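Here the structure comes first, spelled out in structure tokens, and everything after it is commentary.
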Amino acid sequence: MSMKRHVAVALLAIGVGSTLHAADMNKVLHDSFIAPETGFDPAKVSDVYSSSVNENLFDPLLTYDYLARPAKLIPNTVTAMPDISADGKTVTMRIKPGIYFAPDPAFKGKKRELTAADYVYSFKRVADPLVGSPSSYLVRGKFVGLDELVAKAKGGRLDYDTPIEGLKALDRYTLQMKLVEPTPGLKYMLAMPHLSAVAREVIEAYGTNTNAHPVGTGPYMLAQWKPGTHISLVANPNFRKVVFNYTDNTTPVAHRVASEMNGKLMPQIGRIEISVIQEEQPRWLAFRSGQLDLVTVPQPAVRRALILDPKNPWRVALKPELKNKGVQFSRYLESEVTFYPFNMKHPVIGGLSKERIALRRAIAMSFNTRETISDIRRNQAVQVQSLIPANVAGHNPGMRVRHPYDPALANALLDRVGYRIGADGYRTQPDGKPLVIDFVTGPTAIDKQWNEYWQKAFDLIKIRVNFRVMQWNEQQKVIRECSYGMAGGAWLADYPDGDNFVMLLYGKNVGDSNYACYQSPRYDKLYEASQRLPDGPERDKLFDQMDLVASGETPWVYGDTRFKNYLSQRWVRGFVPHPVFNVAWRFIDIQK
């Protein structure tokens with residue numbers, strides 16, 4: 001599948017210096033999360049729900065054009081795109097004067113302006129061993145002198161006052177980065193919420209509780225947080241003047257959004273109320289009753305909300321009942337992969353011996369993804385065939401490395417490498433010890449449905465499985481600690497580049513984004529070579545080789561890539577799903 005090439009260039013005219021309060025505080029948007037957030041310190045969180053909030057609280061250096069497809073980077077808090085030296089190792093950017101943090105007691109009643117030094121501090125903080133950032137892979141090994149500064153900390157707190165060559169504030173507004181080697185993908189990382197600016201005095205004021213006290217320069221600020229239950233945001237009164245001015249109306253979507261939003265200031269909505277609703281049926285009923293303004297159609301409601309073509313998942317329409325009520329329908333194939341990581345450090349299922357590789361392949365071959373796409377996804381997904389999904393640079397539409405569904409072959413493979421079936425009807429390990437797969441899962445109804453299909457898969461190959469039930473944030477903890485056997489995972493593109501997916505299996509990212517705790521010398525060598533190359537055929541070739549290595553050693557069972565079916569109420573204006581942004585709250589309006 002080729003990348004989307006329909007382009008609608010949309011620009012924001014951004015003026016800085018005025019601090020108008022654009023939002024109407026009487027306008028309230030109600031949205032929901034399907035799983036709990038973990039906090040709002042951009043250096044400490046990486047889950048999609050926390051990051052969705054942080055997109056609206058904090059400012060990275062770069063951002064994305066809201067309407068351009070494929071996704072297009074544009075300046076955010078800087079005056080222009082990065083100035084990169086001829087050797088690719090020095091990056092210079094100038095911060096726009098007149099950008100202010102949201103008010104907070106840490107500023108002692110004074111308005112606090114964003115400076116280049118804030119980004120130097122924030123980038124160092126992501127590397128700080130005591131912060132324990134799950135996003136440290138974004139800065140590790142990239143900036144001259146940063147790894148050495150981390151080494152001097154010896155696991156303790158970083159000395160933020162020690163200057164390093166790789167991260168400098170040349171003056172109040174000029175930020176200079178010196179790279180260890182050219183890093184073509186750096187521009188995408190500079191648009192990620194994890195590398196947004198925080199103020200040092202705020203971080204030091206709130207100590208270990210920074211997750212509950214986010215203070216950024218974004219359009220919203222945190223008003224209330226009931227962890228795992230509810231989050232309230234209000235418009236930031238210090239937010240700079242940003243005027244919507246979409247100039248390309250070449251697509252119907254761009255024309256609609258431009259007509260609904262041009263001339264308005266960001267943000268328009270005064271309050272955002274987010275409820276955590278894990279179960280799908282209550283979430284659907286809340287949208288039907290008007291209690292939610294936005295929703296992605298839950299899987300059990302797909303057939304009630306949409307007209308489907310069972311032979312073609314790309315052909316879908318909104319049912320007349322909803323259409324007649326003015327409900328708006330937006331849809332696209334997510335830039336994501338879902339997968340089931342094996343813990344490659346696990347004593348039963350991990351490792352690179354031929355027996356363990358055979359065990360993982362057999363498990364992969366026993367799970368019928370076509371069946372789950374039909375029964376659970378309601379045909380609203382396609383099989384993942386390789387590490388890099390469609391709509392992302394580096395995707396190879398001809399790559400087919402997933403292990404095919406073939407329980408008979410899976411059983412034959414297990415027989416051959418010594419996983420014998422005992423008198424109780426279940427297999428043992430080759431050394432005769434019991435074989436039980438530890439499978440971490442969640443407590444919701446949809447989790448239980450997935451477990452039924454996995455139970456069926458393990459039954460087919462005569463292997464015992466123990467489903468260990470825990471909340472989603474607890475699952476994240478055991479996955480990052482490599483203290484599980486199998487789990488479910490999904491990765492949505494942080495940026496539209498294949499690097500964002502192949503790095504999921506890089507050995508140095510264990511404990512961060514490498515959920516499988518996979519460390520393969522062959523894979524790591526290819527990954528490191530790819531880091532030095534820009535997007536193009538030479539790098540794509542390395543990506544393909546990484547795909548083949550990963551398929552051979554099988555740290556994942558490939559899952560599916562979902563279509564996202566978004567519904568918005570008739571009073572919502574300016575909404576369109578974005579391939580990188582998690583939410584669109586700051587770009588939309590309500591007119592009831």
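The values are calculated or read from the model by the stated rules, or taken from the named source; none is laboratory data. What you see is a predicted model; the values in this text were computed from it and never measured. Here the Cβ positions follow ideal geometry from the backbone for every residue, glycine too, while neighbour counts run over all protein chains shown. Protein only, heavy atoms only, side chains kept; ligands, DNA and RNA dropped before computing areas. Shrake-Rupley method; radii C 1.70, N 1.55, O 1.52, S 1.80 Å.
Based on the mean of other Cβ atoms within 10 Å per residue, sort peptides 275-283, 400-408 so the most packed one is first.
275-283, 400-408
Once every DSSP H run of n ≥ 4 in the chain is given -39500 (n - 2.57) and the sum is divided by its residues, what mean residue ellipticity at 222 nm do you get, rounded to the nearest 500 deg cm²/dmol?
-7500 deg cm²/dmol
Nearest 10 degrees, 0 to 90: what angle lies between the long axis of helix 445-460 and the longest principal axis of the chain (Cα atoms)?
It is inclined by approximately 30 degrees.
So, for the chain, what is the accessible surface per residue at a probe of 1.4 Å, expressed in square angstrom?
Averaged over the residues of the chain, the accessible area is 39 Å².
Which of the peptides 456-469, 529-542 is most tightly packed, and how do the rest follow, going by the mean number of other Cβ atoms within 10 Å of each residue?
Going by the mean number of other Cβ atoms within 10 Å, highest first, we get 456-469, 529-542.
Rounding to the nearest 10 and keeping the result within 0 to 90°, find how far the Cα-based axis of helix 252-261 lies from the longest principal axis of the chain.
The angle comes out near 40 degrees.
May I ask you to give the percent of accessible area on the range 420-522 that is carbon plus sulfur, with a probe radius of 1.4 Å?
52
Can you tell me what share of the DSSP beta bridges in the chain is antiparallel? A percent to the nearest 5 is fine.
Around 80 percent antiparallel, to the nearest 5.
Would you mind computing the Rg to Rh ratio of the chain from its alpha-carbon coordinates, Kirkwood style for Rh?
0.96
Too long at a 26 Å Cα-Cα cut-off: which of LYS72/LYS323; LYS44/LYS154; LYS345/LYS525; LYS27/LYS72; LYS154/LYS187?
With Cα atoms farther than 26 Å apart: LYS72/LYS323; LYS27/LYS72; LYS154/LYS187.
Ordered by residue, what ³J(HN,Hα) values in Hz, to whole numbers, does the range 560-569 give under the Karplus form 6.51 cos²θ - 1.76 cosθ + 1.60, where θ = phi - 60° and Gly and Pro are x?
9, 10, 8, 6, 9, 9, 8, 10, 10, 5
About the Cα centre, and with charges only on the beta carbon of Lys, Arg (+1) and Asp, Glu (-1), how big is the dipole of the range 313-395? Nearest 20 debye, please.
Computed about the Cα centre, the dipole is about 80 debye.
Just list whichever of LYS110/LYS226; LYS448/LYS541; LYS168/LYS241; LYS110/LYS592 have alpha carbons separated by over 32 Å in the model shown.
LYS448/LYS541; LYS110/LYS592
If you plug each phi of the range 126-131 into the Karplus form 6.51 cos²θ - 1.76 cosθ + 1.60 with θ = phi - 60°, what whole-Hz ³J(HN,Hα) values come out, in order, with x for Gly and Pro?
Running phi through 6.51 cos²θ - 1.76 cosθ + 1.60 with θ = phi - 60° gives 5, 8, 4, x, 6, 6 Hz.
If you fit an axis through the alpha-carbon atoms of helix 537-553 and take the longest principal axis of the Cα set of the chain, what angle between them do you get, 0 to 90°, nearest 10?
40
At 1.4 Å probe size, with no ligands or nucleic acids counted, give the accessible surface of ARG288 in Å², nearest ten.
About 90 Å², rounded to the nearest 10.
Run the reach check for LYS111 against aspartates and glutamates, Cα to Cα strictly under 16 Å, same-chain hits fewer than 8 apart removed. What comes back?
Partners within reach: GLU201.
If you place +1 on the Cβ of every Lys and Arg and -1 on the Cβ of every Asp and Glu, how big does the dipole about the Cα centre of the chain come out, in debye to the nearest 20?
920
Alpha carbon centre of the range 463-528 versus the range 72-120: separation in Å?
Here the two parts' Cα centres lie 32 Å apart.
In whole Å, what is the distance between the alpha-carbon centres of the range 361-398 and the range 288-303?
24
Below 10 angstrom from the Cβ of THR183, what's the summed charge of the other residues (Lys, Arg +1; Asp, Glu -1)?
+2
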